[in-house]
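The values are calculated or read from the model by the stated rules, or taken from the named source; none is laboratory data. Please read these numbers as outputs of a predicted model, since none were measured by experiment. All Cβ positions, glycine included, derive from the backbone under ideal geometry; neighbour counts span all protein chains shown. Remember, those area values only see protein heavy atoms, side chains included, never the ligands or the DNA or RNA. Shrake-Rupley method; radii C 1.70, N 1.55, O 1.52, S 1.80 Å.
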Amino acid sequence: HRASLCKARSGYQMLNPISERIAARIEGALGPRGLVEGEAVAPHAPYGVPASQALHMARPSSTAEVAHVLRICAEERIGVVPLGGATGFVGGTRAPQGTLLLSMARMNTIRAIEPANGCIEVEAGCLLANAQAAAMDASMSLSLSFGAEGSAQIGGALATNAGGFRALRFGSARDICLGIEAVTSDGAIWNGLRKVRKDNTGYDLKHLLIGSEGTLAVICAAVLRLDPKPVQRICAVVALQSEGVTIGLLRQLQGAGAVVSAFELFGEGGLALALEDGSAMAPVNVDAAAHALIEIDADAGSRSLLEATLAKALESGIISDAVVAQSEAQRARFWQLREATTDGIGRAGWIASADVSVPLGELAAYLSDIREGLKQEAGAARFIAYGHAGDGNLHLNLLPAKGETPEQAPVGLDARFYRLCYSQAMRRSGSFSAEHGIGRTKMSALAHYLDPVELALMKSVKHALDPLGIMNPGVIID
Ligand code: S2G
Ligand code: ZN
């Protein structure tokens, strides 16, 4: 009976389902508001948790309470699924039946913001958008930024090492994290909240926890680096001669001395998809082969640098049209177009969606290989490539033909699409999950594509930090 509830684990003791007695213990630790029982009700239900599933959700209000809950779960062999804003794309918070969801939402304070030290200390449940706003109020910039920032929490962004729009200049979540406070799988509290940029005191454990998707420990608070607010951000949308010139344009801008902080590709059909809901006008010729949204962090002279470089690109023909935002409002509208692509994908419903990265110099060849491979496979399905081209990271989406639903796609087309995208990326020393992580939906790809020694090392780390296998069971290492 127990095995049917929680998957038996290779090398791990089987986990128990939560009983009333155990629920009472957890409620005793957290007080009456600390444990919620009931059905997963959308939209608050974490990604993919079936609405009919009865859930126990603990809502700790402090790191000490998280530690107390973890001690109980370790003693009782209860699986624990840490829950942030549930904005992930790979089912990382899809709690198996009988496990305990550990919502960090109540731990949402900004503990300190220190412009002199260039850092902010926040609790895991703090919304990314709130942390960004606090930085802005202090005339600083928290560079982590992605579509779901209004509901994503800092803890989840670190646990998944979120990338987003400015990774090109500032790196992903791991690159801006200076320190972490976490609770280990046996309920110990690790205070690693350091604020310095240089710290070489043994293994860098914060980097082990960042990106571990709740499978090694629970991130409870973090110190994040703040950067000086750029004098201004200048944004442009350009019509590209082809998807193939994308990185060439980026290199021209960087070669001219522009500090490019974002470089997003709208692949063939991507801008049209963003405009489909009629809420915006095309800023440039929408029929061009592809488009890019470019943003540079600028000091006073940079607008002319950007305009001069784009003028050269126009002359050389690698772009056929360009518009530079003349106001903050126009810049915001350009970014709304970028968001509208993700929304358009969601509206169309996707047959398959791959989040891959390849070395920058191979992006063009990779994309044409995928298009070539799809010629036999895709039939009338639409292929949209968009996203963080400046990082070599694209979101590749196979959408149903207009007017069709994903369910009408030929059986197995999704598996063939993933095999094409992933094998071609791995062949080019790339990644089959560039920013969204593994969760529960990419476990088979991890087992298939990852180097066996790497997988064995990950298993050793998992066994060392979570010997009972209670941390987010079924994610990354099973
Ligand atoms: C994108 C979704 C990001 C998000 O659009 O770049 O990674 O969190 C995807 O909405
Ligand atoms: Zn993305």
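Structure summary
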item: FRET E, pair SER19, SER304, Förster distance 56 Å, beta-carbon r, rounded to 0.05; result: 0.20
item: Dipole magnitude of the chain, debye to nearest 20 (Cβ charges: Lys/Arg +1, Asp/Glu -1, about Cα centre); result: 820 debye
item: Gyration tensor verdict on segment 349-436 (Cα atoms; rounded if a/c is under 1.5, prolate if a/b is larger than b/c, oblate otherwise); result: prolate
item: Probe 1.4 Å, protein heavy atoms only - accessible area per residue of the chain in square angstrom; result: 41 Å²
item: Difference of contour (0.36 nm per residue) and Cα-Cα distance, SER423 to ALA112; result: 107.5 nm
item: In nm, spacing of pseudo-spin labels at ALA133 and ASP451 (7 Å Cα→C-beta vector); result: 4.5 nm
item: Chain lengthening between ASN285 and ARG33 when straightened (0.36 nm per residue, less Cα-Cα); result: 85.2 nm
item: Anisotropy class of segment 230-346 from Cα gyration tensor, a/c 1.5 cut; result: oblate
item: Over 35 Å [Cα-Cα, the chain], rounded percent; result: 35 percent
item: Only Lys, Arg (+1) and Asp, Glu (-1) charged, at Cβ; segment 382-478 dipole about Cα centre in debye; result: 220 debye
item: Above-threshold pairs, the threshold being 25 Å between Cα atoms, out of LYS402/LYS442; LYS206/LYS462; LYS375/LYS402; LYS198/LYS442; LYS195/LYS462; result: LYS402/LYS442; LYS198/LYS442; LYS195/LYS462
